[in-house]
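The values are calculated or read from the model by the stated rules, or taken from the named source; none is laboratory data. Remember, predicted model here, so these are calculated numbers, not experimental data. A quick note on method: Cβ atoms are made from the backbone with ideal geometry, for glycine too, and the neighbour counts reach across all protein chains shown. These area figures cover heavy atoms from the full protein model, side chains too; ligands, DNA and RNA do not enter into them. Shrake-Rupley method; radii C 1.70, N 1.55, O 1.52, S 1.80 Å.
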Amino acid sequence: MKHLEILFFTALCFVTGNAFSQQEPVTSQFWNSYLHTNPATAGLFYKHAANAHYRNQWVGVNGAPVTLNVNYAMRWEKIRSGLGMTYQYDEIGFNRTNKALVNYAYHLKLGETALSFGAAGGLDFLTISHPEFIGSTSANDPLIPSGDTKYSPQFTSNVGIAFHSNFLNAGISCTQLNEPTFKKNTTEYNAARHYWLFLEYNHDFSDNFSIQPRIQIVTDEVKATYMASIMTTLYQKLWFGVNYSVDNYIGGMIGYDFFGKYRVGYGYDYTTNKLNNVSQGTHEIVLSYLIK
């Protein structure tokens with residue numbers, strides 16, 4: 001049996017009774033996934049924006065998180081609104097979740113700035129899969145499912161507010177607002193509300209050189225995660241920078257924008273928490289289509 005680590009025991013607590021307050025997945029290049037955490041960003045920054053964001057976290061650790069975020073949003077000028085769709089796949093331990101939502105935002109223009117109010121609703125699907133990394137001696141343990149356990153899909157909802165200007169973007173939001181509950185037999189999982197804050201600043205030194213510092217904070221009122229990033233852009237095409245999360249990781253990123261609308265990016269994070277002796281780091285890949 002390989003290392004089970006903290007992630008397995010977290011998942012084991014889930015199937016043995018009630019589970020509360022599990023963190024939603026986070027990413028180090030979080031600005032590519034704002035729509036998943038704040039529906040007010042739909043159509044706010046770009047006329048059309050599509051993103052595919054893959055994160056393979058803590059490579060080498062059994063049951064480590066793997067997350068895929070896919071989103072699309074558009075600005076509908078005639079009704080001062082933004083519309084968007086998000087899909088998220090996340091696995092950790094033997095938990096598998098699929099979440100799909102429709103997002104709407106109303107944009108209130110304030111001169112050169114905009115204040116946006118958003119809401120989202122959709123379905124959350126939860127499956128518990130028997131982990132292959134558990135040894136044969138655990139195969140008959142009644143506390144561990146022998147196959148997949150699928151829960152009935154639950155309605156989930158998000159709300160948010162966001163501000164946009166030529167140099168400053170900010171937002172606050174709440175995900176899993178209605179705290180959906182998954183029940184089956186004696187097992188119950190309560191999805192906790194999560195509160196998000198993001199802030200980013202863009203400074204153009206010239207047409208060919210700019211920097212973008214960003215921060216994001218998320219909490220479920222039990223644990224808070226703090227993330228920061230600073231990115232440099234050259235010639236409005238090549239970008240690179242560093243990412244940092246308190247007690248979690250430090251890493252770098254690099255990417256390139258083709259023809260002013262296609263983006264390819266890669267990030268690597270070095271693990272700085274208790275898993276650093278077994279983790280081989282975290283990889284992120286971003287593909288985007290962006291029209292201002």
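Applied to the range 205-222, the Karplus parametrisation 6.51 cos²θ - 1.76 cosθ + 1.60 on θ = phi - 60° returns per-residue 3J(HN,Hα) values of 6, 6, 5, 10, 8, 8, 10, 9, x, 9, 9, 9, 10, 9, 9, 10, 6, 10 Hz, with x for Gly and Pro. For the chain, the longest principal axis of the Cα atoms and the long axis of helix 5-15 meet at an angle of about 70 degrees.
Report the charge-dipole magnitude of the chain in Debye, nearest 20, computed about the Cα centre from +1 at each Lys and Arg Cβ and -1 at each Asp and Glu Cβ. Computed charge dipole of the chain: roughly 680 debye.
Normalised by 2.2 N^0.38 Å, where N is the number of residues, the C-alpha radius of gyration of the range 167-224 stands at 1.78. Which whole-number percent is the relative contact order of the chain (Cα, under 8 Å, 6+ apart)? For the chain, the relative contact order is 18 percent. On the chain, 60 percent of the accessible area sits on carbon and sulfur atoms, based on a 1.4 Å probe. Peptide packing for 33-45, 258-270, 163-175 was compared via the average number of neighbouring C-beta atoms within 10 Å per residue; ordered from the highest value, the list is 33-45, 163-175, 258-270.
Kirkwood radius, the chain, all distinct C-alpha pairs, inverse of mean reciprocal distance: 20.0 Å.
The length gained on full extension between HIS48 and TYR256, counted as 0.36 nm times the residue separation minus their Cα-Cα distance, comes to 73.0 nm. As a calculated quantity, the FRET efficiency between LYS150 and ASN208 at R0 = 30 Å, using C-beta atoms, amounts to about 0.05.
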